[in-house]
Number of protein chains: 4
Amino acid sequence: MVDFQNILDAITLEANNTLDKGKIASYIPELACADKNKFGIALLDKNGTLFSAGDTKEQFSVQSMTKVLTLSMAFDLLGDNLWELVGVEPSGDPFNHLSLLEQENGKPRNPLINAGAIVVSDILVSKLKNPRAEFLKYVQGIANDSSIGYDVSVAESEKRTGFRNYAAAYLIKSFGNLENDVETVLDFYFHQCSLSMSCEQLVNTFYIFANRGKCLQDNQHLSLSQIKRINAIMLSCGFYDEAGEFGFRVGLPGKSGVGGGIVALLPDNFCVVTWSPGLNEKGNSKLGLQALEKLTTDSGLSIF
Amino acid sequence: MVDFQNILDAITLEANNTLDKGKIASYIPELACADKNKFGIALLDKNGTLFSAGDTKEQFSVQSMTKVLTLSMAFDLLGDNLWELVGVEPSGDPFNHLSLLEQENGKPRNPLINAGAIVVSDILVSKLKNPRAEFLKYVQGIANDSSIGYDVSVAESEKRTGFRNYAAAYLIKSFGNLENDVETVLDFYFHQCSLSMSCEQLVNTFYIFANRGKCLQDNQHLSLSQIKRINAIMLSCGFYDEAGEFGFRVGLPGKSGVGGGIVALLPDNFCVVTWSPGLNEKGNSKLGLQALEKLTTDSGLSIF
Amino acid sequence: MVDFQNILDAITLEANNTLDKGKIASYIPELACADKNKFGIALLDKNGTLFSAGDTKEQFSVQSMTKVLTLSMAFDLLGDNLWELVGVEPSGDPFNHLSLLEQENGKPRNPLINAGAIVVSDILVSKLKNPRAEFLKYVQGIANDSSIGYDVSVAESEKRTGFRNYAAAYLIKSFGNLENDVETVLDFYFHQCSLSMSCEQLVNTFYIFANRGKCLQDNQHLSLSQIKRINAIMLSCGFYDEAGEFGFRVGLPGKSGVGGGIVALLPDNFCVVTWSPGLNEKGNSKLGLQALEKLTTDSGLSIF
Amino acid sequence: MVDFQNILDAITLEANNTLDKGKIASYIPELACADKNKFGIALLDKNGTLFSAGDTKEQFSVQSMTKVLTLSMAFDLLGDNLWELVGVEPSGDPFNHLSLLEQENGKPRNPLINAGAIVVSDILVSKLKNPRAEFLKYVQGIANDSSIGYDVSVAESEKRTGFRNYAAAYLIKSFGNLENDVETVLDFYFHQCSLSMSCEQLVNTFYIFANRGKCLQDNQHLSLSQIKRINAIMLSCGFYDEAGEFGFRVGLPGKSGVGGGIVALLPDNFCVVTWSPGLNEKGNSKLGLQALEKLTTDSGLSIF
């Protein structure tokens, strides 16, 4: 029996003692002012018992971690038709994601890179009457927490400066793979990125991926087969061009965000969320990666 | 002494007798309805004498041919500082122009591809009080013809469907190589593309590139050194990924447009404009290329 | 308790009844003459009990599946220094593997693509006195089967026609990432690809990756941490540009070869090898993929 | 009437007074030991009168300049069938020439990049009984100088270290665009690169491209149409990814070599060869470019 609390405490101690805490994302003011000394880790085991250490109740900008949740909602709505619009292969290279998109006629490699999440956003805009409100309700429902909300100032900041996302969206549109107009799709895209959540709120939400689709309240979200497929995509594509490295070092499906959060999970076993705002040069949380590597090493638990 | 009229008549006869006239650009309705049977060729020799055959007084959409004229105006305003914002090398490959732009940090290869002309448009928007009106006046001035004007319905159509140009503009903006906002720049860009001109109006305008910068009214536009440089860029970059082929087969600096026009010139000798709306698979006028190859073969005149 | 024999029988029945059996690799005569109607599947469970159905005792050309074994031997010899010479990220795209190699200065993306396996071969050539003999002995040792051998005619055929592998090797050498001369390295590379083994011999060998490094004779090969890392690489990179798809549909680490074999495994649970010479358009065994998808669906066993 | 001698003297003075003479190619010892202070310029005017200044009688390694001469010989032998095997478009980018070659199925962009010259070499190997001897005789014949010869130590050095050329040749061969075996083709390729010639010998040879195919002895080489086409290719493709820049700054067809030589010419007017071993960062002779820019500026002579 693994003593999770003990491991989380040791991880937090090590994190606090690490001098090089990485570099905070600075492209919008709302992220730039995060406190580099924050560190939190929260874990739900297979029985739904919570273990936590550090700053696990403080909210931060979830950013790309929500790509898993918009994917889940779209997969639920469209079923396997989804894969005609977006692929399931790793993109390999960060800097040429537009060039891959161009070569591959506007079909993004996978739903966890920006281009793919824009296509997923377009689907939700098409299928939902009020995408912003309904997506928020969907997340609140899984987390059983109606206090979760968008950080509108983050969304507005990204809208003003997210030129590369506009470029990706227009390129996709030029290939006919975007049904709605770019402004509408990106408005939703920037909002879903801007969710503010704490480690504990996140681990409650992502718990469904470790628990065969059942949330803590025992409601089923997605089918088991769909849950497994999303886990497979997280493993292959959850860390941009560091996906192979994360599988290699940590050995769990997961997803990171530039706000400094990382979620990872072992099916039928546990779900864990870390938060530390300092990033490595690939854009993933430096201390988060260190924490998760220590977790799987010390517990001996990984999918491999 | 070359008998230009005789050659132009023979070219026109051959063009009219050619069964395969290429394929008309169909991405906007205004271009799609062009008449494939139209053919015109107009030539000004070194003395400013006009030779013409076929439909040389009918106006058509000038499209990319104006990229040479916006370049001229920007070169006049900025001098060699222009080359910090846009290069002078051929782009090689059409389908990956966004990928080159991405690799090269938003500095377009040259001013005669769309991305480069967008940067040039941004410069004119920054430097001019009323870019649309002033650019039109600039062209009217060189041509000595105040009847030249924009085709606003063409500009509006391109604005509604030119998603790839939006993608390029936003990508350039993401690298900080666009001063103004994308909507303003592209509004000007789409308008300058939409000029309606006849072969005769065009040959009057482009005559300056064959005549050391002097127009038919003997006014100097640009310096001789600048004229030579623009001619060099036309030779290297005037026909997208068919630039080498055009130099190889025709041997003159030139520029084509998807409206079916082509301009070409031999410095100190002649300037010629052809019009035939049917395009080859590279997007250049099929009969126009055939006409220009015959012109240089029959006259023995080329830069090589 | 899963009834593996029942599942394997059902899989074999389905395979035999499938009309479209894919297309046999034809680039060398030795592969082209394989019999498309052959199908075999062999599985070792966590207790080392063998289950099998179909043609599991017939030998075929192992091809790229051995890349996992040369990797294992090199990882054992070099430890983590290996990762300075070759990466652990998926390559994404098959057709441009030389272009990625060029962009990334001759460091292959991972050891399971040709370029990576050439670098691994170079390491073995440097470290071993008699690479061919010692590698064969290494495989025979894990499999506890001294009858395993090279098919020299396959190796010779590949040597005569493997121009793209020569191109990759010389490109790597041009970046200084190949210590030995190209001919020597490729001679070993083509030989290790040419191993002839049956499904049963293969499953005996690859069992170590499902059994924490212990072979059926209970000898330890590599450390548990190294075994996990190789499994992670198999998951990310084992199926070229279909790696994401394999993870998505099958959910197991694995590796395919153009001889029609596929190995896959669930750590602490089972190792399975399929053989069917017909390939899909991505170069992976068509019926093998179908078989493995059915295996994980029917058994409910996968890493996700 | 241009005073060429005066201009050449001024150019040589300026070259000798320039402190930054560029960087000598160092990848083989034979080039690395060149003397950076050497500078020569030789020019033949339309009457065949020679003007020269500096070190114009000293031989140096001609390197890529001979690509024009192997092209000429192959064009003579194959006529326009040549263009089925190699293109006429600029390659745009130096560092990815293998990736373009891969994308375009082994058909090199043009005959003046390495990959293209390898295909041209293959043609000569197929068509000639004794390629080395016959090509040398061809050059000696145009130059009317039987003292011209290969520098075998240069050829041997390149053969030992030219791994990237091996990679290109094998990649071309993998696409079926190389008839002979790679070793034989590259042996000829490295020899033709290794010709040792002086500025005066070179200008005598390349004079045919300025003189409608007639050499100083009034013998016709190639047809006028072929001469023009080779000039067009030199203009588009003669300076790798600096071709546009050379056209822009100098305005003449030309070709450079890493030995520090550059040839350039104005049809019906003059042919000029410069030599200075120091290269700029694009691999073209730094003082040579400066000299040619001064020549066209001071003389007012260029094709534009």
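Here, each number is a calculation from the coordinates, and none is a lab measurement. Remember, it's a predicted structure, so these values are computed and weren't measured experimentally. Because the Cβ atoms are built from the backbone with ideal geometry, glycine has one as well, and the counts that use them run over all protein chains shown.
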Fraction of the pair-distance distribution of the range B:1-73 above 19 Å, Cα-Cα pairs, percent: 52 percent
Top of D:E281, D:E89, D:E242 by mean-square fluctuation, Gaussian network on chain D, Cα under 10 Å: D:E281
Chain A: most fluctuating residue of A:G116, A:G254, A:G48 per GNM, C-alpha cutoff 10 Å: A:G48
Under 5 Å, built H, 5+ apart or other chain: amide partners of A:G149: A:S196
Cα lying deepest toward the dipole's positive end in the range C:247-299, options C:L279, C:T296, C:S256, charges on Cβ: C:L279
Charged-residue dipole, Cβ positions (Lys, Arg, Asp, Glu), the range D:218-286 about Cα centre, Debye nearest 20: 40 debye
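Give me the inter-chain shielding for D:222-231: mean count of other chain Cβ atoms within 10 Å, whole number please.
Partner-chain Cβ atoms within 10 Å, mean over residues of D:222-231: 3.
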Two-site label geometry, D:T297 and A:T161: point separation in nm, points 7 Å out along Cα→Cβ: 4.3 nm
Cα coordinate range in the range A:177-290, projected on the principal axes (Å, largest first): 42, 37, 27
Paired Rg and Dmax values of the range B:75-148, which use every Cα atom, in angstrom: 14.3, 43
Mean ellipticity per residue at 222 nm, deg cm²/dmol - from DSSP H runs of n ≥ 4 across the protein assembly as shown, formula -39500 (n - 2.57): -14500 deg cm²/dmol
Given charges at beta-carbon only (K, R positive; D, E negative), |dipole| of the range B:64-193 in Debye: 160 debye
Most fluctuating residue given options B:N269, B:N204, B:N130, as computed from a GNM of chain B linking Cα atoms under 10 Å: B:N130
For the range D:64-193: relative contact order, % (alpha-carbon pairs under 8 angstrom, 6 or more apart): 32 percent
Chain D: relative contact order in percent, alpha carbon pairs under 8 Å with at least 6 residues between: 27 percent
Computed log₁₀ I(q)/I(0) - Debye formula, equal Cα scatterers, no solvent, the range A:246-304, q 0.24, 0.25, 0.29 Å⁻¹: -0.91, -0.98, -1.25
Per-selection Rg to Rh, chain D - Cα, Kirkwood hydrodynamic radius: 0.94
Average Cα contact separation per residue, the range A:40-97, under 8 Å, 6 or more apart, as relative contact order %: 18 percent
Exam field: D:K129 pseudo-label spacings to other copies (7 Å along Cα-Cβ), nanometres: 5.3, 8.1, 9.0
Spin-label model distance (nm) - D:N37 vs A:N219, 7 Å beyond Cα toward Cβ: 8.7 nm
Cα-based radius of gyration of the range A:110-175 once divided by 2.2 N^0.38 Å, which approximates compact folds: 1.25
Residue of chain D nearest the D-to-C rotation axis [by Cβ], rounded angstrom distance: D:S99, 2
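Starting from the Kirkwood Rh over alpha-carbon pairs, what translational D in µm² s⁻¹ does the protein assembly as shown have by Stokes-Einstein at 20 °C and 1.002 mPa s?
The diffusion coefficient I find is 65 µm²/s.
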Average beta carbon contacts from partner chains per residue of C:144-150, 10 Å cutoff: 0
Where labels lie 7 Å past Cα in the beta-carbon direction, separation of C:N105 and C:K129 in nm: 3.7 nm
Debye, to nearest 20: dipole size of the range D:14-74, +1 on Lys, Arg Cβ, -1 on Asp, Glu Cβ: 140 debye
Descending Cα extents along the principal axes, the range C:64-193, whole Å: 42, 34, 26
Pseudo-label separations to other copies for C:R212 - Cα-to-Cβ vector, 7 Å, nm: 2.6, 8.9, 9.0
Entries of B:K23/B:K282; D:K228/D:K255; A:K46/A:K228; B:K255/B:K282; A:K159/A:K286; C:K214/C:K286 with Cα pairs more than 19 Å apart: A:K159/A:K286; C:K214/C:K286
7 Å along Cα→Cβ, label-point gaps from C:N47 to other copies, nm, shortest first: 3.0, 10.5, 10.7
For B:239-245, mean number of other protein chain Cβ atoms within 10 Å: 5
Phi to ³J(HN,Hα) by Karplus 6.51 cos²θ - 1.76 cosθ + 1.60 over the range D:59-68, Hz, x for Gly, Pro: 7, 9, 7, 6, 6, 5, 4, 5, 4, 5
